[in-house]
Every structure is written in structure tokens, then in C-alpha cells.
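Data first, discussion second: the structure below is written as C-alpha cells.
The values are calculated or read from the model by the stated rules, or taken from the named source; none is laboratory data. Because the structure is predicted, anything quoted here is derived from the model rather than measured. We place every Cβ from the backbone using ideal geometry, glycine too, and count neighbours over all the protein chains shown. Just so you know, the surface numbers come from the protein's heavy atoms only, side chains and all, with ligands and any DNA or RNA stripped out. Shrake-Rupley method; radii C 1.70, N 1.55, O 1.52, S 1.80 Å.
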Amino acid sequence: MTPHTSLGQRLAHGDETALAECYRTLAPLVRHHAARLVPGHAVDDVVQLVFLEVWRSRRRFDPTRDLEPWVIAIVRKRAIDQLRAEARHHRRAVPLEDAAAVPDAAPALDVAHDVRNALAVLPVPQRQAIVLAHFGQLTQREIADRLAVPLGTVKARTARGMRRMKELL
């Protein structure tokens, strides 16, 4: 590397000192953008995830372009992930007073048993799509990304699986 090599070029070539410099240079900007997007308690987590992804994704960075917009795009993605994770957590959380008010859990256990049995009958790809959507609280786009399949494939698997579940239940 020459002395005139840019920070982005050094980062793209795996220079670990470039990551430290990138953090020193861009952390205040990353923190500012994260604070505008997520609650205060989550800002540090998002900042950490951003720089972890900057390092892990460095090979995808085009050193002929500016580093700052690329990093800010990562901030936005990680902030959205954080907000979705918190929303999933809040949807699953049941206050203790609500849980204590449930009169009899036996019917719910029977339904859960039936659902598990019906899921076990489905082909693996359909079961996978349904479990990730309903129990993992992932969107169909997130499922497609996680399974590395087209979005249309996830939609078809989910629809077929749900039709079969309806028949079984």
C-alpha cells in the first residue's frame, strides 16, 4: 500500500489498522445516525454490529466509491434489524398478570400438540418456511434471504404448507 492509499482501499484489502481508523473516523457519525433510528438503549449494539459488518463485508465495498455512504447504508440496515427484533420480542412477551389469568392451559396444550404433529407431516421446505414465518417471526423476504431461495419459492412453500396444515387440522 502506498501512503496515498485511501481508507476505503485499505479496508477493502483487509488492512486491520484501517478498521480501527474507520471506527475512529466514522463512529460519531454512525452513532448519530443510529440514535436517530433506534431507542437509546440499542444505539451501542447497533454501532457494534455496523462495524462488525463493515469488517465482514469489506470485500463487497467498492474502493472507487466513498466509504461514508456505504457505512451509513449499513447503519440503516442494522437499525431496521434491531427494531424488528425488539418488535418480535415485545409481541412474544406476556405480562405476568396476563399469564396468571389463563384459566386452563389444557386446551392450548392439545392445540399445540396437534400443530406439532401436522408440521411433522409437511415436507421439510414447507415446514421450514412456516416455522420461520410464524415462530421465528421473519418476513417472507427475510426467509428467502436466510434460505438463499427466491422470494416466490418461499411464498409458494408457505401457501402449500398452510393449505396442507388446514387439511390436517
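The table below gives the values:
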quantity	calculated
Qualifying residues in the stretch 123-165 (those that are under 15 Å from residue 84 (Cα atoms) and of a type in the set (D, E, K, R)) - the one nearest to the chain's Cα centre (by Cα)	142
Of all residues making up the stretch 12-32, the number that are open to solvent by less than 60 Å² (accessible area, probe 1.4 Å) and either of a type in the set (Gly, Ala, Ser) or part of a loop (DSSP other than H, G, I, E, B) (or both)	6
From the options 116, 58, residue that is crowded, with 16+ Cβ neighbours inside 10 Å, modelled with pLDDT of 80 or more and either within 30 Å of residue 17 (Cβ to Cβ) or of a type outside the set (A, V, I, L, M) (or both)	58
